[in-house]
Every structure is written in C-alpha cells, then in structure tokens.
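Beneath this line is the structure, given in structure tokens, with notes to follow.
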Amino acid sequence: MRTFVAVELDESIQRGLSKLQDRLRQFDRAVRWARPESIHLTIKFLGEVPDQQIADVCAAVDEAAAASSRFEISVAGAGCFPPRGPARVVWAGLTEPTGRLAACQQACEEAMGRLGFAPEARAFHPHLTLGRVKQASSGPDLRPAIERLADFGGGRQRVGELVLFESQLRREGAIYVPLHRARLTGEP
C-alpha cells in the first residue's frame with residue numbers, strides 16, 4: 001500500500017486554507033485544488049509498502065513520536081514551487097520557531113531509515129500543498145497572484161501526534177486513510 005507519515009490539521013486550519021483557495025478560484029482551469037479536508041503536513045513519504053512491513057512501519061512511527069516533543073505550528077504565507085519559472089505546486093507556508101518540527105521530521109527519517117527507506121534527497125521545507133498546476137503554460141498570472149497573498153494567516157495549531165496514512169488513488173483524487181496514530185511524548 002502507498003503510505004506516508006503526516007500531521008493532521010485542525011478543522012479551523014482547513015477552513016482557513018479553503019478560504020485561501022477561494023481567493024485563487026480564478027485559476028481553477030490551471031490548478032487542480034486539494035480538498036481542504038485532505039490537506040496535511042507531510043513528515044515522510046514512504047511510497048509503496050508491503051502489507052507484511054506495515055507493523056514495522058507503525059513501530060517506527062511510535063519510535064519517532066516517542067523521541068519528539070509537542071509543538072505548535074502557524075500557517076502563514078503562500079507561494080509556489082519551484083521558486084522561479086512555471087509554477088507546479090501552490091502551497092501555504094508553515095512556521096515553527098522552536099525547531100521541534102524539524103527534530104520530529106529528522107526522528108522520523110532516522111526511524112524509517114533503519115527499515116531501509118531512503119532519506120529524502122531535498123531539504124525539509126514544511127508546507128501545505130493547496131493544489132498542483134495542471135499545465136505550466138495555462139497559468140502565467142498564477143505566481144504574481146499568489147505572491148500577493150504572502151500576508152495570508154491561516155491560524156495556529158498544537159501538534160501532539162503523528163499519523164501513518166494510506167493513500168488510496170481514485171479517479172476523483174487521493175483518499176487518505178489513517179492506519180496508525182502515535183502521540184508525541186519526548187521532552188522539550
């Protein structure tokens with residue numbers, strides 16, 4: 001099954017992200033928007049995992065959570081990936097100034113590395129994917145419109161658990177099913 005480790009978002013954050021998407025609806029033909037209830041903070045994408053390895057992956061999520069302290073995230077700003085040229089991903093930004101989010105992500109990388117999952121090649125840049133650009137040439141005004149939303153504030157949330165999700169790909173889009181939850185219990 002196709003899996004990833006993530007932080008679920010509070011409904012209040014989801015509502016704020018939905019309002020941000022509404023401000024960009026003029027680009028509906030250029031962007032395939034994520035359903036607000038499915039937006040999450042990805043900590044580690046695992047990809048296809050054999051059924052017989054799921055118990056070990058759950059144990060690794062428990063290990064990462066036990067090594068991680070609770071933290072608070074603030075949703076702020078909006079932008080595109082890549083930083084220049086045609087946009088491919090529209091995102092909302094996250095801040096977490098204590099470094100606990102980065103430490104949590106690193107603990108997850110290490111726990112999954114012991115199971116043979118390759119480390120992420122790119123540096124961790126926490127963000128919330130709002131949509132994916134369908135055709136780079138179809139939205140030339142998208143980047144400037146998003147840059148005008150740099151002052152977006154989407155709220156704050158306490159984070160106290162990691163969730164292992166299965167991503168079920170369907171015609172209408174991916175459905176994310178929680179498989180395992182692990183509370184963050186490490187000391188600050």
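Nothing in this text is a laboratory measurement; each read-out follows from the coordinates by a stated rule. Not measured: the values here are computed from a predicted model. Glycine gets a Cβ as well: all are built from the backbone with ideal geometry, and neighbour counts include every protein chain shown.
In the range 119-188, which trypsin sites (Lys or Arg not before Pro) fall in coil by DSSP and have 16 or fewer other Cβ atoms within 10 Å? Walk me through the intermediate numbers first.
On the way: sites: R122, R132, K134, R148, R156, R158, R170, R171, R181, R183; in loops: R122, K134, R148, R170, R171.
Those that pass, being in a loop and sparsely packed, are R122, K134, R148, R170, R171.
Extending each Cα 7 Å along its Cβ direction at A66 and Q168, get the distance between those two points in nm, one decimal.
Rounded to a tenth, the inter-label distance reads 3.1 nm.
So what is the calculated 222 nm ellipticity per residue for the chain, using -39500 (n - 2.57) for each DSSP H run with n of 4 or more, over all residues, to the nearest 500 deg cm²/dmol? Before the final figure, lay out each step's value.
Values: 4 runs with 46 residues, N = 188.
Only helices count here, giving -7500 deg cm²/dmol.
If contacts are Cα pairs under 8 angstrom and at least 6 residues apart, what is the relative contact order of the chain in percent? Let's see the in-between values first.
Numbers: 371 pairs, mean separation 65.8, N = 188.
For the chain, the relative contact order is 35 percent.
Mind telling me which of Q26, Q105, Q53 comes out most flexible in a GNM of the chain, alpha-carbon contacts under 10 Å?
In this elastic network of the chain, the residue with the biggest mean-square fluctuation among Q26, Q105, Q53 is Q53.
What translational D, rounded to a whole number of µm²/s, comes out for the range 3-108 from Stokes-Einstein when the hydrodynamic radius is the Kirkwood one over Cα pairs, at 37 °C and 0.692 mPa s?
Details: Rh = 15.9 Å.
Reported coefficient: 207 µm²/s.
Can you work out the FRET efficiency for the pair R158 and Q26, with r the C-beta to C-beta distance and R0 = 25 Å, to the nearest 0.05?
Details: r = 34 Å, r/R0 = 1.37.
Given R0 = 25 Å and the Cβ-Cβ separation, E is 0.15.
In angstroms, what radius of gyration and Dmax does the range 55-129 have, counting Cα atoms only?
Looking at the range 55-129, its Cα Rg and Dmax stand at 14.5, 42 Å.
Suppose we keep just the alpha-carbon trace of the range 119-188; what are its Rg and Dmax in angstrom?
17.0, 48
Tell me, what does the Kirkwood hydrodynamic radius of the range 2-183 come to in angstroms if you use every pair of distinct C-alpha atoms? Provide the component values of the computation, followed by the final result.
Details: mean 1/r = 0.0586 Å⁻¹.
For the range 2-183, the Kirkwood estimate is 17.1 Å.
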